[in-house]
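Have a look at the structure below, then the notes.
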Amino acid sequence: MKAANLINADLHCHSVVSDGTLTPEAVAERAAKNGVELWALTDHDELGGIARARAAAKANGMKYLTGVEISVTFADKTVHIVGLGFDETNPELIAGLASVRGGRLERAHEMSDGLAKVGIKGAFDGALKYVGNPDLISRSHFARHLVSSGVCPDTNSVFRKYLTEGKPGFVPHRWAKLKDAVTWIVEAGGEAVIAHPGRYGFSSNEEYALFTDFKNFGGRGVEVVTGSHSEAEYVIYADMAKEFKLAASKGSDFHSPDESRIDLGTLPDLVGSLQPVWELLEDRIE
Ligand code: AMP
Ligand code: MN
Ligand code: MN
Ligand code: MN
């Protein structure tokens, strides 16, 4: 049997149930084709793709973990917490996620108003054409609309010019509290993982506070190897995982064949000195 860190795991990706462009079935098929052995679909704030993902994992011969990526506000910034291996019928988790999704529609209207002020009309209706799940309208859907209507050449430049802090289509939003998100996941029998810590732009003090609070609330994992990290960040967050005695996770954060830099299942292995988070989840792997 191969060492746990050498298993091709992809424990972070998205489907049309949130802001990906492929169905859960198509994501599973693509993952399996790329050699993924252990897979989780982690749609934003939403469990609606889990039944389809589970069936598709089985159909494609992959081991499977339930997954979700929860939006959290910490130190006035948006932080993402991935949940893995939980019971998706847990009522507190279901109710918590419903509350996180709640403000998205109103936020989207406000984003559209902000864009209208700089001359971009009808962005709400435009974005809606890309939405697979009306409960989950996200900035990614606006980005796709602004690319297809010729405002920007690619989604990255839409985010840079219009959808990030201080830009006309950005609307500050209160997501879940870190403690709540971690508690929902852990109480539902899963493991909580800090998603792509290199992306938040925190000072080292803020980052220390995030890791410390996360651990105190019951979190046990952090993404080290992710499509959102550079190779230098693989090393930085491997060290952080060891310092905070957190297990390490790995996931492409794949959203779309046309937009994602890193494809499903193509990331390098975790180094052998880290404990893979899937070792903590052995009895929850399906
Ligand atoms: P939301 O949850 O509506 O705030 O949307 C967040 C999503 O936007 C993330 O999950 C990413 O998929 C996407 N996103 C954020 N920043 C960027 C970026 N700079 N370029 C492309 N996509 C981004
Ligand atoms: Mn996303
Ligand atoms: Mn994320
Ligand atoms: Mn993601």
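The values are calculated or read from the model by the stated rules, or taken from the named source; none is laboratory data. Predicted model, so just to flag it, every value in this text is computed and none were measured. We place every Cβ from the backbone using ideal geometry, glycine too, and count neighbours over all the protein chains shown. For accessibility, only protein heavy atoms count, side chains too; no ligands or nucleic acids. Shrake-Rupley method; radii C 1.70, N 1.55, O 1.52, S 1.80 Å.
Quick look at the numbers
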| read-out | value |
| --- | --- |
| Total residues in region 20-47, condition open to solvent by less than 10 Å² (accessible area, probe 1.4 Å) and not aliphatic (A, V, I, L, M) | 6 |
| Criterion (in the same structural domain as THR226 (by TED's automatic domain parsing), part of a loop (DSSP other than H, G, I, E, B) and not hydroxyl-bearing (Ser, Thr, Tyr)) met by exactly one of GLU29, GLU46, GLU25, GLU92 | GLU46 |
| Region 50-77: number of residues that are buried (at least 16 other Cβ atoms within 10 Å of the Cβ), of a type in the set (A, V, I, L, M) and farther than 17 Å from ILE94 by Cβ | 5 |
| Answer residue from region 78-110, given it is among the charged types (D, E, K, R) and more than 16 Å from ligand 2 (Cβ to nearest atom) and is least open to solvent (accessible area, probe 1.4 Å) among those | GLU88 |
| Members of region 29-44 found to be out of contact with any Phe, Trp or Tyr (no Cβ under 8 Å at 6 or more places or on another chain) and within 16 Å of ligand 1 (Cβ to nearest atom), listed by number | LEU41, THR42, ASP43, HIS44 |
| Residues that are part of a loop (DSSP other than H, G, I, E, B) and touching a Gly at 6+ places or on another chain (Cβ under 9 Å), drawn from region 50-87 | LEU65, THR66, GLY85, PHE86, ASP87 |
| Test: residue in region 148-157 that is free of Cβ contacts under 8 Å to residues at least 12 places away in the same chain and β-branched (Val, Ile, Thr) | no |
| Selection from region 267-286 of residues that are within 16 Å of ligand 4 (Cβ to nearest atom) and surrounded by fewer than 24 Cβ atoms within 10 Å (Cβ to Cβ) | LEU267 |
